[in-house]
Amino acid sequence: MQSSGAVWKWSLGTARQGSLDVGKDNDGWEFAGDVANEQPGKSGVMSRKKDGSIRYTRTDDDGSTEYVLLDGCGNKNYMVYKDDILKFNKAYKQTNFKHKRVVDEATKTAEEARAKVEMNPPGPIQSTTNADTSDPPAAASRVHTRSFATSNYKVEYENNMAPKWSHELLAAIEKFLGAYASTLGLDNANVDQFFESLQAEAFKHKEELIGEEDVHHAAVRFWTSAKIFPGYGKELCFCLNEAIRRDELNLMQPLSVIARSINKVCVTRTSEPASSFPPDACVYRGAVIPKEHIPFFSVGKKYRVPGFLATSFQKRVALRFCQNSWRGNEGKSPAVLWEVQVDPMGKHDSSKICKQACYIERTNVPDEAEYLFAPYSVFTVKRIILSEKPDYKNPHIIQLEAAEDNMLEPEDLPLAPWS
């Protein structure tokens, strides 16, 4: 194998730092490293192709070489197990990062140039001060090459049904976590620990795990969980939204089952009035936003959000999230407050209510007063107010109008690069 540098060592079961050859042989196998197993007189390497195939190559003392392709479970005859595959994939991702970044940089200029052509020109920007409104980058941010119409999410959502019983919901969550963890190189132990904590929390509300209708409220409660994925440091809601943004097919099947269950609560298409309506017909969301994404939100632009969108009835809650995000980001990105307007007529006229959002009544965090929008909800930018010093006390403000019904909107609208 020809090596392009030593950046990581793979030792079976340990993944310690050292040197992993970054290169490839004539057959396209790359990123191989030393493997130490427990069979005396034998040693080998694991290598991987870009299509995800993994091969274990073992050389005996007599010079003979054996090759075996490995699936996700490894091969016990060669003493290579499932956890070893996960750890190798994690090492591969860490090794491959710099390699991939070089490729990304090579195409960055072309993508940005294409984005400038594809983006709608920015609309007027209003400022609360005399701030230089050219401070956000003039170049338009990268436009998603897909849409809701072409997404794997849509395909799987149409092919799967909402769970009828709690075991179906739990199975979908466990399957999703396993698939998601494998993309991160996390061990099964991390998945089991996280799933166990989520399940224990759910069983505090056993009544929601019994009936067909209540199970959907259990799904929403899972969404609101503050439990942290060990080894990753994120909540389930983050994992679900990150997966929707990535739109990888193997993640969408179990995720679509979870999403259908949550949407049984979120999406309202009845003549019944809303049980809780946003005060002043406005909800709020606080966060940070990379400067390069601000030009996307030009006045008049209509777009879809690739993921659930959590907002709050209470502005103070959104500002608290804004503060936490800004501090967590160490002030590197501007703080932003999203103000989302719904039709005020919806308070008394059910035909005017926003069909794809609802107030979360059964939640693990009741103080957040959460108003949740279903994935790929449609919004229109009404106004942008830029702050001269966009910290959490003086955030940028982006005012949106929520569509009344996602089903009446085009499926090929641009996707927001940030929400």
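The values are calculated or read from the model by the stated rules, or taken from the named source; none is laboratory data. For clarity, every value in this text was computed on a predicted model and none was experimentally measured. Glycine gets a Cβ as well: all are built from the backbone with ideal geometry, and neighbour counts include every protein chain shown. Just so you know, the surface numbers come from the protein's heavy atoms only, side chains and all, with ligands and any DNA or RNA stripped out. Shrake-Rupley method; radii C 1.70, N 1.55, O 1.52, S 1.80 Å.
General observations
- Considering residues of region 192-243 that are without any contact (Cβ under 8 Å) to a residue 60 or more places away in the chain, in contact with a Pro (Cβ under 9 Å, 6 or more places away or on another chain) and open to solvent by less than 30 Å² (accessible area, probe 1.4 Å) only, the residue farthest from TYR157 (Cα to Cα): PHE194
- Yes/no for THR270 being modelled with pLDDT under 95 and not in a loop (DSSP other than H, G, I, E, B): no
- From the options VAL305, VAL299, residue that is open to solvent by 40 Å² or more (accessible area, probe 1.4 Å), among the aliphatic types (A, V, I, L, M) and within 28 Å of PRO410 (Cα to Cα): VAL299
- Just one of (1) in a helix (DSSP H, G or I); (2) buried (at least 16 other Cβ atoms within 10 Å of the Cβ) fails for ARG316. It is (2).
- Flag for LYS315 being touching a Phe, Trp or Tyr at 6+ places or on another chain (Cβ under 8 Å) and closer than 26 Å to SER147 by Cβ: no
- In this structure, SER387 qualifies as small (Gly, Ala, Ser), in contact with a Pro (Cβ under 7 Å, 6 or more places away or on another chain) and either closer than 13 Å to CYS282 by Cβ or buried (at least 18 other Cβ atoms within 10 Å of the Cβ) (or both).
- Qualifying residue in region 193-202 (condition: at pLDDT below 95, of a type outside the set (Gly, Ala, Ser) and outside any helix (DSSP H, G or I)): no
- Any hit, region 356-367, residues being modelled with pLDDT of 95 or more, of a type outside the set (Val, Ile, Thr), farther than 30 Å from THR150 by Cα and surrounded by fewer than 23 Cβ atoms within 10 Å (Cβ to Cβ): no
- For region 263-270, the count of residues that are open to solvent by 20 Å² or more (accessible area, probe 1.4 Å), more than 19 Å from GLN199 (Cα to Cα) and touching a strand residue (DSSP E or B) at 6+ places or on another chain (Cβ under 7 Å) is nonzero.
- Scanning region 157-181 for residues that are open to solvent by less than 90 Å² (accessible area, probe 1.4 Å), among the hydrophobic types (A, V, I, L, M, F, W, C) and not in a helix (DSSP H, G or I) yields a count of 1.
- Condition check for LYS352: open to solvent by 20 Å² or more (accessible area, probe 1.4 Å), more than 30 Å from LYS206 (Cα to Cα), in contact with a helix residue (DSSP H, G or I) (Cβ under 8 Å, 6 or more places away or on another chain) and without any contact (Cβ under 8 Å) to a residue 60 or more places away in the chain: yes
- The requirement of being surrounded by fewer than 23 Cβ atoms within 10 Å (Cβ to Cβ) and under 24 Å from the mean Cα position of the chain (by Cα) is not satisfied by PHE373.
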